[in-house]
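Taken together, the values in this text are just the output of simple stated rules run on the coordinates, not laboratory data. This structure is a prediction, so every number in the text was calculated from the model and none was measured. Cβ placement follows ideal geometry from the backbone for every residue including glycine, while neighbour counts extend to all protein chains displayed.
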Amino acid sequence: MKPTVISSSDLIESVAAALQYISYYHPTDYIEHLARAYAHEQSPAAKDAMAQILTNSKMSAMGHRPICQDTGIVNVFLKIGMDVQWQGFDAGLEAAINEGVRRGYNHPDNTLRASVVADPQFARKNTRDNTPAVVFTQMVPGNTVEVTVAAKGGGSENKSKLVMLNPSDSVVDWVLKTVPTMGAGWCPPGMLGIGIGGTAEKAALMAKEALMEDLDMYQLQLKSAKGQALTPVEELRLEIHDKVNALGIGAQGLGGLTTVLDVKIHMHPTHAASKPVAMIPNCAATRHAHFVLDGSGPVYLDPPSLDLWPDVAWVPNTTQSKRVDMNALTRQEVASWRAGQTLLLNGKLLTGRDAAHKRIQDMLAKGEPLPVDFANRGIYYVGPVDPVGDEAVGPAGPTTSTRMDKFTDMMLAETGLGCMIGKAERGPEAIDAIKRHGSAYLMAVGGAAYLVSKAIKGARVLAFEDLGMEAIYEFDVQDMPVTVAVDSTGDSAHITGPATWQKRIASGEFKNIAVTAA
Ligand code: SF4
């Protein structure tokens, strides 16, 4: 076989272009599966969340701005042909990939959020350009380099699970026991990558690699419905898919028919004494791209046709949702909200997430005055993308609220905060504090960040500017869509929603709907 010369400039340019591409184009197989799930969804709350995700996705594709404010940590998988020759890689292969990441994330027309911190244990200082990527290489026969580039959100990566089962233990039982413990911080509906076998680290790698495949659950369902023979792995995928969806968790954990759009499984031989199993979810911002370098130059992927997106255009609905003036928030207003109710927020909102909360805690402990008055205000847990052009703010979806649970009692008791806005469920500690202080927790849809940012008409930094995207901003919002997730009585939509839908699905009420093969 004739050796191929791969130049570092081609790899750098192709990686940068692919990262830009996946920041605003969902894989079309994800959109096709989500569109089908949206059409079949019977839960109004889940359907509304899916409508926002689909609308957001098309807006991102048209506007070339990120699907989600968390533009991810970069994962790169390389299959390197053994007949490849390298040119210009003086600093090494990973250095070239990191240069591609640097250029991709700092593109002036579509600047992406730098989320990577180094080191992970002590300083946790943002590297500012989202480097380094996590790179895996494999040597294969051939004279090309196959590249898979993914941008993995922290919310879904944080829900990864690993277990060393006994050989006779059931993988299905473990998955069904484990998925409810993951809550909604992984922004369902998404997919599950499962690695079975090998060793502990091999199982985790296989789970991640499985997420790089196209969704084809619909085709598998059709095959099954036609009575065609399935492989054992296909049967297992279908079983896990159907049983996880029967848990009723639903989009954003609000209760509904679809939690997972697909389940992918990779396997590897293992020790006779072992059955390692890893499970990694991918979220509403499933993002990956694949290309092959053959020595003929950089690769630019073709944009998808916008006709592939379904005809769904979410807009604020003032007949279904209550408009709330956040500039005149009262305890009575907050107490009137009920879990599951949808609101449209108007006026000024504060922002803050992990680092800001920690600093507030430290200042209160030292008796220092706070730079911002939180009394009867709403705080939005968000780390937005920097704006470009005339944007007030870049994509600005919610971050996982459970990380703020340990600060909730302090914020409500010591600052007089009125309510909180984030994504996914709250834990018992936060729910208890919300109830005691007569507050409420509202959720915005994770994975609809560009749509949410369009409701933000102004943004200015109020405090902690050195924290970058974690600074305290004041947003001026207009009809920002949220759902009451925990009301002042402690009622949580993330507990009641899935419980209700699990029961309804078990009753057989949706028997002809849950299987989407028509
Ligand atoms: S969709 Fe959710 S989990 Fe995925 S990147 Fe966005 S915020 Fe994170």
Note to self: Through the Karplus equation 6.51 cos²θ - 1.76 cosθ + 1.60, θ set to phi - 60°, convert the phi angles of the range 418-435 into ³J(HN,Hα) values in whole Hz; use x for Gly and Pro.
What the structure shows: x, 7, 10, 10, x, 10, 6, 6, 10, x, x, 4, 6, 4, 4, 5, 4, 5
Notebook entry, point to check: Expressed in nm to one decimal, what extension gain is obtained for the pair ASP409 and TRP86 from 0.36 nm per residue of sequence separation less their Cα-Cα distance?
Noted result: 110.6 nm
Next item on the list: Could you tally the net charge around GLY255, taking each other residue with its Cβ under 14 Å from the Cβ of GLY255, Lys/Arg +1 and Asp/Glu -1?
Entry: -2
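Express the relative contact order of the chain as a whole percentage, based on alpha carbon pairs under 8 Å and six or more residues apart in sequence.
Reported as a whole number, the value is 20 percent.
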Check: Under 29 Å from the Cα of LYS226, which lysines turn up, not counting those fewer than eight places away in the same chain?
Finding: LYS47, LYS243, LYS264, LYS503, LYS511
Notebook entry, point to check: How much length is gained if the chain between GLN478 and LYS503 is pulled fully straight, taking 0.36 nm per residue apart and subtracting their Cα-Cα distance, in nm to one decimal?
Noted result: 5.3 nm
Item checked: the range 76-81 - phi-based ³J(HN,Hα) in whole Hz, Karplus 6.51/-1.76/1.60, Gly and Pro as x -> 10, 10, 10, 10, 9, x
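When the dipole is taken about the Cα centre of the range 64-103, and only Lys, Arg (+1) and Asp, Glu (-1) are charged at their Cβ, what size is it in debye, to the nearest 20?
220
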Checklist line | Ellipticity estimate at 222 nm from DSSP helix runs (n ≥ 4, -39,500 (n - 2.57)) divided over the chain, nearest 500 | finding: -10000 deg cm²/dmol
Note to self: Using Cβ counts within 10 Å as a stand-in for footprinting exposure, how do SER168, SER336, SER115, SER43 rank, fewest first?
What the structure shows: SER168, SER336, SER115, SER43
Margin query: Looking at the chain, identify the longest residue range that excludes and avoids all trypsin sites (Lys or Arg not before Pro) in DSSP loops having at most 16 other Cβ atoms within 10 Å.
Written below: 367-518
Checklist line | Neighbour-count order for CYS283, CYS187, fewest beta carbons within 10 angstrom listed first | finding: CYS283, CYS187
Item checked: Amide hydrogen neighbours beyond the local backbone of LYS322, cut-off 5 Å, H modeled -> THR342, LEU343, LEU344
Check: Across the range 40-54, in residue order, what do the Karplus-derived ³J(HN,Hα) couplings come to in whole Hz, using 6.51 cos²θ - 1.76 cosθ + 1.60 with θ = phi - 60° and x for Gly and Pro?
Finding: 8, 5, 10, 7, x, 5, 5, 5, 5, 4, 5, 4, 5, 5, 5
Next item on the list: Report, by chain and number, residues whose modeled amide H sits under 5 Å from the one on ASP262, excluding near sequence neighbours (fewer than 5 apart, same chain).
Entry: LEU192
Item checked: Exposed chymotrypsin sites (Phe, Trp or Tyr not before Pro) absent: longest stretch of the chain, with sites in DSSP loops and at most 14 other Cβ within 10 Å deemed exposed -> 301-518
Check: How far is helix 93-105 tilted, in degrees, relative to the longest principal axis of the Cα atoms in the chain, given as a value from 0 to 90 rounded to the nearest 10?
Finding: 40
Notebook entry, point to check: In nanometres, what is the gap between the two model label sites at ASN158 and LYS2, each 7 Å from Cα along Cα-to-Cβ?
Noted result: 5.2
Checklist line | Under 5 Å, built H, 5+ apart or other chain: amide partners of LYS457 | finding: ASP476, VAL477, GLN478
Item checked: Partnerless Cys - the chain, beta-carbon criterion under 4.7 Å -> CYS68, CYS419
